[in-house]
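The values are calculated or read from the model by the stated rules, or taken from the named source; none is laboratory data. Quantities reported herein were computed from a predicted structural model and do not represent experimental measurements. Cβ atoms come from the backbone with ideal geometry, glycine included; neighbour counts cover every protein chain shown. Calculation scope for accessible area: heavy atoms of the full protein, side chains included, ligands and nucleic acids excluded. Shrake-Rupley method; radii C 1.70, N 1.55, O 1.52, S 1.80 Å.
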There are 2 protein chains.
Amino acid sequence: MAGERPGEARVLAGGAKYVDFQTDPSRYRHWKLAVDGEVATLTMDVDENAGLFEGYQLKLNSYDLGVDIELADALQRLRFEHPGVKVVVLRSGKNRVFCAGANIRMLAGATHAHKVNFCKFTNETRNGMEDSSENSGQRFITVVNGTAAGGGYELALASDHIILADDGSASVALPEVPLLAVLPGTGGLTRVVDKRKVRRDHADFFCTIEEGIKGKRAVQWRLVDEIAPNSKLEAKIVERAKEFAAASRRNGDGKGIALTPLKRTIDGNSVRYDFVSVDIDRAARVATISIKSPDASPPADIDGMIAQGASFWPLQAARELDDAILHLRLNELDIAVLVFKSQGEGAQVLAYDAFLESNKAHWLVNEIRHYWKRVLKRIDVTSRTLVTLVEPGSCFAGTLAELVLAADRSYMLIGTREGDNRPPPSLMLSAMNFGPYPMSHGLTRLQSRFQADPSDEDRAREKIGEALEAQEAEEFGLVTFALDDIDWDDEIRVFLEERASFSPDGLTGMEANLRFAGPETMESKIFARLTAWQNWIFQRPNAVGEEGALRRYGTGERPRFDMTRV
Amino acid sequence: MAGERPGEARVLAGGAKYVDFQTDPSRYRHWKLAVDGEVATLTMDVDENAGLFEGYQLKLNSYDLGVDIELADALQRLRFEHPGVKVVVLRSGKNRVFCAGANIRMLAGATHAHKVNFCKFTNETRNGMEDSSENSGQRFITVVNGTAAGGGYELALASDHIILADDGSASVALPEVPLLAVLPGTGGLTRVVDKRKVRRDHADFFCTIEEGIKGKRAVQWRLVDEIAPNSKLEAKIVERAKEFAAASRRNGDGKGIALTPLKRTIDGNSVRYDFVSVDIDRAARVATISIKSPDASPPADIDGMIAQGASFWPLQAARELDDAILHLRLNELDIAVLVFKSQGEGAQVLAYDAFLESNKAHWLVNEIRHYWKRVLKRIDVTSRTLVTLVEPGSCFAGTLAELVLAADRSYMLIGTREGDNRPPPSLMLSAMNFGPYPMSHGLTRLQSRFQADPSDEDRAREKIGEALEAQEAEEFGLVTFALDDIDWDDEIRVFLEERASFSPDGLTGMEANLRFAGPETMESKIFARLTAWQNWIFQRPNAVGEEGALRRYGTGERPRFDMTRV
């Protein structure tokens, strides 16, 4: 369209004012979730007229962020609401097409920021599938009944087992490079060579053909696990599902708990939940995220926790925090800094941590621990400056102390404030800081922090349960700066102003490097190597320029490339 | 300047027609190399009027690619010409300034491709310092006598030991983010947290201040190893140099060998050396690199090798190949594909491999092996499609077989060609394919290739020394495709045409992901996480736009940023 600029922002469909990550199966437009004993079937059947934004149709089971929000919701419910489900069969509701991948019209018209955040969320969702398989014993079988192209095949790659229909037509493909001049950026390249261990030269061939690979060669090259003729496909699925269910160590025999709707109020400059609130200072480009400790002691036992269900504090607080982070990422693009604060009783947080630790064999406790891990990982890869302020009245203890360790910097007040009769703030560690919440590169935040001298972790472990005031916390390397009342306001103000004045791109790149010292895993490689390259390519005229491949796709005109190699 | 576009190509100074990587100490403009027994001093004293391109001055020991080419040459000569040198003291020839980093005017006026290739080369040079320390026992001590900012500090970071003058003024700094809106992209962020293990929150503070850190805090935060007042600085350097020399396991007592000038002819479409030649087909965007086997058997013993000096085939061929790759990277930006071919006797290559293996304890053999490793690593991170054609008359054996394994794809002819009475081509492995040439992520190319089933490596090991024809090589997973004479020409033509038609950016990103399956190391993280993010930032208007920080630096005008976070 004349005058249309690459990366122009689209308008949300249906008059929506923001991207909403809350949904439930009764509102799904694109997925069907059916549970039959130990086996759930998740059917992708995208409503082409229900795109998240105006201006495109979701043909051929292609997807946008809205489709993925429903998938993430379904996966979450499978973990919490269906503890009896051991196998999830992922399949298509369309004939002869599994999924055409991310919608190209959507991508061509999306801002750079939306593309990057869209890919980040879809990556997190697929990592979540693998997390469910590894840590909840919920195995995924993907049935590819037709074309699985680009993001379609990437979805299959996130599952444990891929069955491809052997009908001379169904195929898997990563045609992004030849067709669109971008990467399969939702983990595709990494999972092909790192997870499925496809030989790199085979992968090179596979990723540069438009038509994909089908039949026996797909198995020989490790792109899928098995093929089955259509006449035997359904029987094969049943057979595999039984087999995987039998091998699963998922132990939730009982009923699940209902993930009831979050109570949430969103207005111009705030988002409020029960335990979490977000306050936005637009002029300063700062969002403050406050978390309240539980207001009562943990339940006496498992039955008490089950009775509380979604209002059990660790679960409710995690859900609220998760939603808040996602809301800020997608809807508040001008915010430079996330400031974490907390209010309440650290001792209460530790009491809940003790509950989570002593009952960790229970399926629901296991789910909640892994959910906190995933929420914290989401924070780690959020491309905003993260700072945590430890002030009087705060409760950064155990699980919540991870927000201190996840921050790019933390500040802690020495002593009290004039006219404030609350005691000096303290920081407390629990067992939860020493294992259950690894970052995506495999280390806990304390391990990552103490790489220079791992014995610092042992020193910190000896302090579990103790209230550490500012200077002690600084001495133990747990906070960046301990400041007294005289310096506090000026230091924090100058820091926030400075941070808000820097180039957001420079900060994004810097933080993405400094946060992940040490090893890399397949998951962290996806966010580092793959995503960083994809972000670069999403910015290049060869992809997004007027004559670039994303813009020209489907117009009948071939893209024009600047052929300079860099 | 009105009308000047961001990223406009600069003109090479002095009427040079191409960037030349060959130099020697008699021609250095920026460095002085002095050897005194076991200790060499490498003094950086940049001639501000001797920039590689026109249009900027290299003030305050700032550098451009030309300065780094001299550094790389000096490091190479220290390894080959000075086997007695166990310690290299790196220092500045200027008062009160160590090095101001990469020249900002140069960066602001350079094309995106030049910036990326410049950073790649400077990274390789610094990795080479660490390689020398680890594998040649040549330890580096950097003496920071004044400001070491950005690339200046990154140079220090590549050394083993940093001594900072404690004069109230000398400091180390990574001011790129606050000052220029780009990253310290020559390994700085990675080395700060991964090598020096600076705590990530301290690193965050350090990387967002312009003025850097000096004195005791620089030591406490692990940014430098020690400080010394100026009155004691020289004595301290001598003391540390003696200490490191005593601990070094460098065992080259004898004389070095002279790295005599390469014989090279460059014309419009070719580069010719004795054993390596490059032929450029501009219309096809293909450069063919051919390597000849040695024309005589290896010398009988070490003395014979020393007598041959730089004309010992493994050394000469490595130097020629290295120069050819660098020439293509910097001077031939429109070339999409590098085609590797070879001619000669595989048995001769294997004979030299056997010499390199049986004499590996000798310092010169050690250097040559590590040099081949580094040349092959340079190929791995070259952002052009790499393809190797194994045809009649070729000699892809042992060390040269690494060029088959390094390729994105390889093709091997089955049998012979009509009218060609040479025997069918064969591929041969040697011990050199099973350890001495790891990629930057720590795996050999065979290990990287056989991740799906490591026993494939054992199967291949059993074939050491055997001539494998095409179908057998394909069956053993050593080549991508075995083709007969009927298909060969069409298949290769279509592949090369296809590759030349794709977006270079998409291919760069794809290849950077597929080539490095498996683990990451600090070195590979620099090329992946750090470089990929830097490439992205180098493309963003906040850095390189008309109002971006790189363009506005030094103009007195503040940059204007698009504050959207992505």
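Among what's in the range B:524-542 and is touching a helix residue (DSSP H, G or I) at 6+ places or on another chain (Cβ under 6 Å) and more than 7 Å from chain A (Cβ to nearest Cβ), pick the residue that is modelled with the highest pLDDT. Applying the filter and picking the extreme gives B:I526.
The residues of the range B:503-513 that are touching a residue at least 24 places away in the same chain (Cβ under 8 Å) and not charged (D, E, K, R), listed by number, are B:P504, B:L507, B:T508, B:A512. Once the range A:478-494 is narrowed to residues that are more than 9 Å from chain B (Cβ to nearest Cβ) and in contact (Cβ under 8 Å) with a residue 40 or more places away in the chain, the residue that is farthest from A:S410 (Cα to Cα) is A:D485. For A:T508, the conditions (1) open to solvent by 20 Å² or more (accessible area, probe 1.4 Å); (2) of a type in the set (S, T, Y); (3) facing chain B (nearest Cβ under 7 Å) all hold with the exception of (1).
Scanning the range A:404-420 for residues being closer than 22 Å to A:A460 by Cβ and either open to solvent by 10 Å² or more (accessible area, probe 1.4 Å) or away from chain B (no Cβ under 13 Å) (or both) gives a total of 2.
Scanning the range B:429-458 for residues being within 14 Å of B:L478 (Cβ to Cβ), part of a helix (DSSP H, G or I) and within 14 Å of chain A (Cβ to nearest Cβ) gives a total of 7.
Restricting the range A:340-359 to residues that are more than 12 Å from A:W313 (Cα to Cα) and of a type in the set (S, T, Y) leaves a set whose member that is surrounded by the most Cβ atoms within 10 Å (Cβ to Cβ) is A:S342. One residue stands out in the range B:529-548 among those that are under 28 Å from the mean Cα position of the chain (by Cα) and among the small types (G, A, S): the one that is surrounded by the fewest Cβ atoms within 10 Å (Cβ to Cβ), namely B:A532. Applying the criterion of being crowded, with 18+ Cβ neighbours inside 10 Å and touching a residue at least 40 places away in the same chain (Cβ under 8 Å) to the residues of the range A:430-441, the residue that is nearest to A:I486 (Cα to Cα) is A:S430.
When restricted to residues that are in contact (Cβ under 8 Å) with a residue 12 or more places away in the chain and open to solvent by 60 Å² or more (accessible area, probe 1.4 Å), the range A:282-300 contains 4. If only residues of the range A:190-231 that are within 11 Å of chain B (Cβ to nearest Cβ), among the aliphatic types (A, V, I, L, M) and open to solvent by less than 10 Å² (accessible area, probe 1.4 Å) are counted, the one that is nearest to B:E511 (Cα to Cα) is A:A203.
Filter the range B:511-523 down to residues that are facing chain A (nearest Cβ under 7 Å) and assigned to a loop (DSSP other than H, G, I, E, B) and give me whichever is surrounded by the fewest Cβ atoms within 10 Å (Cβ to Cβ). Result: B:G518.
Every listed requirement among (1) in contact (Cβ under 8 Å) with a residue 60 or more places away in the chain; (2) open to solvent by less than 20 Å² (accessible area, probe 1.4 Å); (3) in contact with a Pro (Cβ under 6 Å, 6 or more places away or on another chain) is met by B:G187 save one, (3). Give the number of residues within the range A:54-74 that are assigned to a loop (DSSP other than H, G, I, E, B) and either closer than 30 Å to B:R540 by Cα or in contact with a Phe, Trp or Tyr (Cβ under 7 Å, 6 or more places away or on another chain) (or both). Here the count works out to 4. In this structure, does B:F140 turn out to be aromatic (F, W, Y), within 14 Å of another protein chain (Cβ to nearest Cβ) and free of Cβ contacts under 8 Å to residues at least 60 places away in the same chain? When the stated conditions are applied, B:F140 does not pass them. Put simply, of A:V390, A:V375, A:V337 the only residue that is at pLDDT 95 or above, more than 30 Å from A:T111 (Cβ to Cβ) and open to solvent by less than 10 Å² (accessible area, probe 1.4 Å) is A:V390. Restrict the check to the range A:421-428 and report whether at least one residue is over 25 Å from A:T125 (Cα atoms), open to solvent by 10 Å² or more (accessible area, probe 1.4 Å) and assigned to a strand (DSSP E or B). Within the range A:421-428, one or more residues are over 25 Å from A:T125 (Cα atoms), open to solvent by 10 Å² or more (accessible area, probe 1.4 Å) and assigned to a strand (DSSP E or B). State whether one or more residues within the range B:245-255 are open to solvent by less than 40 Å² (accessible area, probe 1.4 Å), closer than 30 Å to A:A406 by Cβ and either part of a loop (DSSP other than H, G, I, E, B) or within 14 Å of chain A (Cβ to nearest Cβ) (or both). No, because not a single residue in the range B:245-255 is open to solvent by less than 40 Å² (accessible area, probe 1.4 Å), closer than 30 Å to A:A406 by Cβ and either part of a loop (DSSP other than H, G, I, E, B) or within 14 Å of chain A (Cβ to nearest Cβ) (or both).
Only residues that are of a type in the set (A, V, I, L, M, F, W, C), in a loop (DSSP other than H, G, I, E, B) and surrounded by fewer than 23 Cβ atoms within 10 Å (Cβ to Cβ) were counted across the range B:75-106, and they come to 0.
Count of the range A:464-480 residues, restricted to those that are open to solvent by less than 40 Å² (accessible area, probe 1.4 Å) and in a loop (DSSP other than H, G, I, E, B), is 5.
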